[in-house]
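Asks: Before I ask anything, here is the structure I am working with.
The values are calculated or read from the model by the stated rules, or taken from the named source; none is laboratory data. Computed from a predicted structure; not experimentally measured. Cβ placement follows ideal geometry from the backbone for every residue including glycine, while neighbour counts extend to all protein chains displayed. All accessible areas refer to the heavy atoms of the entire protein, side chains included, with ligands and DNA or RNA removed. Shrake-Rupley method; radii C 1.70, N 1.55, O 1.52, S 1.80 Å.
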Amino acid sequence: MPMCNFILNNKLNEELRMLYNPDGSILRMAQLRMLEMLKFIDNICQEYDINYWIESGTLLGAVRHGGFIPWDDDADICMPVKDYLRFKEIMLNGDFKDYVLQCHDTDPNYYGTWGVLRDLHSEMSDGHHRLGGFNFKGLQVDIFPIDDRCNKALWKISRQYFAYLVNAPLFEGRITKYFRWCVPLTFFLLHKAIIPFFRLLTPSDKSVLYYRYGMFWYRRYPKSVIYPLRKIDFEGETLNAPKDLDKYLKECYGNWWEIPPENKRETHKFYVEFK
């Protein structure tokens, strides 16, 4: 099994491109706009010495397809918590005309426990009212904070009883209808009490990094799999990636090099209007 970019042969990759994201399609235009957003993040991180790496399907696409998975319609990166807070500070205090960091500070209707870089020159619509209350609805890059303090039992508590109520409106609009009254209080407790208290109870793990408390998913990665970060080609650009691509992707997807059957090629149903 080759361990380099673009492990699919060109013919198969081109066939998938023509099927899902041919040049000029809405999906391809969205991917190219998100590529610009990834480069924006990369430039800031280089300028301010901030660590990040591409994550999940974005990393899988880089290794297997040389860029976006042909049917993928979002982008994901990870940042250690300290680096994320530094990035957040820069975005909140800077004057950026093209992008905004969507968090509770910039959008009181957003209660996600991770940050989202939003494009200000597009607007997404997915037929679901989960975006209806947001101030920013443009194309997005999710930024997941990573921590070295996590206990799985405590993580389950933080997810089941707090993060679920806070994050569920992002995924299940029906939750908003019944629990809107308690989301602000839950969000406040999660960030001001639960996460700090659980981190205090959890010693720092020198060998493993986790999605931080309050995230909707549980993932853990040995630091030796991530560091030192490497460079990887992505749609003709160069972005940061974990050191051991194979182990990282196996943790996420198992046999990551296999193309899933057509009915398993997950994509979100959405439309993008470009401004």
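Asks: Consider M18 carefully, then state whether it is assigned to a helix (DSSP H, G or I), buried (at least 19 other Cβ atoms within 10 Å of the Cβ) and either out of contact with any helix residue (DSSP H, G or I) (no Cβ under 9 Å at 6 or more places or on another chain) or not aromatic (F, W, Y) (or both).
Replies: Spelling it out, it is not the case that M18 is assigned to a helix (DSSP H, G or I), buried (at least 19 other Cβ atoms within 10 Å of the Cβ) and either out of contact with any helix residue (DSSP H, G or I) (no Cβ under 9 Å at 6 or more places or on another chain) or not aromatic (F, W, Y) (or both).
Asks: Before we move on, is Y52 surrounded by fewer than 16 Cβ atoms within 10 Å (Cβ to Cβ), in contact (Cβ under 8 Å) with a residue 12 or more places away in the chain and touching a helix residue (DSSP H, G or I) at 6+ places or on another chain (Cβ under 9 Å)?
Replies: Answer is no for this residue.
Asks: Still on this structure, I have one more. Please name all residue pairs, on different chains or six or more residues apart, with Cβ atoms under 9 Å, provided the first residue is in the stretch 24-36 and is over 15 Å from L239 (Cα atoms) and the second residue is modelled with pLDDT under 95 and basic (K, R).
Replies: Note: pairs meeting the criteria are R28/R17.
Asks: I've got another one for you. Being in contact with a Lys or Arg (Cβ under 9 Å, 6 or more places away or on another chain) and not polar (S, T, N, Q) is the filter here, so list the residues in the stretch 19-36 that pass it.
Replies: Y20, P22, D23, R28 - these are the residues of the stretch 19-36 that are in contact with a Lys or Arg (Cβ under 9 Å, 6 or more places away or on another chain) and not polar (S, T, N, Q).
Asks: Kindly provide the set of residues from the stretch 64-77 that are modelled with pLDDT of 95 or more, within 21 Å of D107 (Cα to Cα) and not β-branched (V, I, T), ordered by number.
Replies: A75, D76
Asks: Let me ask something else about it. When residues of the stretch 216-233 are filtered for being in contact with a strand residue (DSSP E or B) (Cβ under 7 Å, 6 or more places away or on another chain), farther than 13 Å from D148 by Cβ and hydrophobic (A, V, I, L, M, F, W, C), how many remain?
Replies: 3
Asks: Can you find even one residue in the stretch 192-212 that is surrounded by 11 or more Cβ atoms within 10 Å (Cβ to Cβ), in contact with a Pro (Cβ under 9 Å, 6 or more places away or on another chain), at pLDDT 90 or above and within 22 Å of D107 (Cβ to Cβ)?
Replies: For the stretch 192-212, residues surrounded by 11 or more Cβ atoms within 10 Å (Cβ to Cβ), in contact with a Pro (Cβ under 9 Å, 6 or more places away or on another chain), at pLDDT 90 or above and within 22 Å of D107 (Cβ to Cβ): present.
Asks: Within the bounds of the stretch 226-243, is there any residue that is over 23 Å from I69 (Cα atoms) and open to solvent by 30 Å² or more (accessible area, probe 1.4 Å)?
Replies: yes
Asks: Next question. Inside the stretch 74-98, can you point out the residues that are surrounded by fewer than 23 Cβ atoms within 10 Å (Cβ to Cβ) and either among the polar types (S, T, N, Q) or under 18 Å from the mean Cα position of the chain (by Cα) (or both)?
Replies: D74, D76, P80, V81, K82, D83, L85, R86, K88, M91, N93
Asks: Let me ask something else. Any idea which of (1) in a helix (DSSP H, G or I); (2) touching a residue at least 12 places away in the same chain (Cβ under 8 Å); (3) not polar (S, T, N, Q) is the one E47 doesn't satisfy?
Replies: The one condition E47 does not meet is (2).
Asks: Could you please find all residues in the stretch 210-266 being over 26 Å from V81 (Cβ atoms) and among the small types (G, A, S)?
Replies: Listed by number, the residues that qualify are G236, G254.
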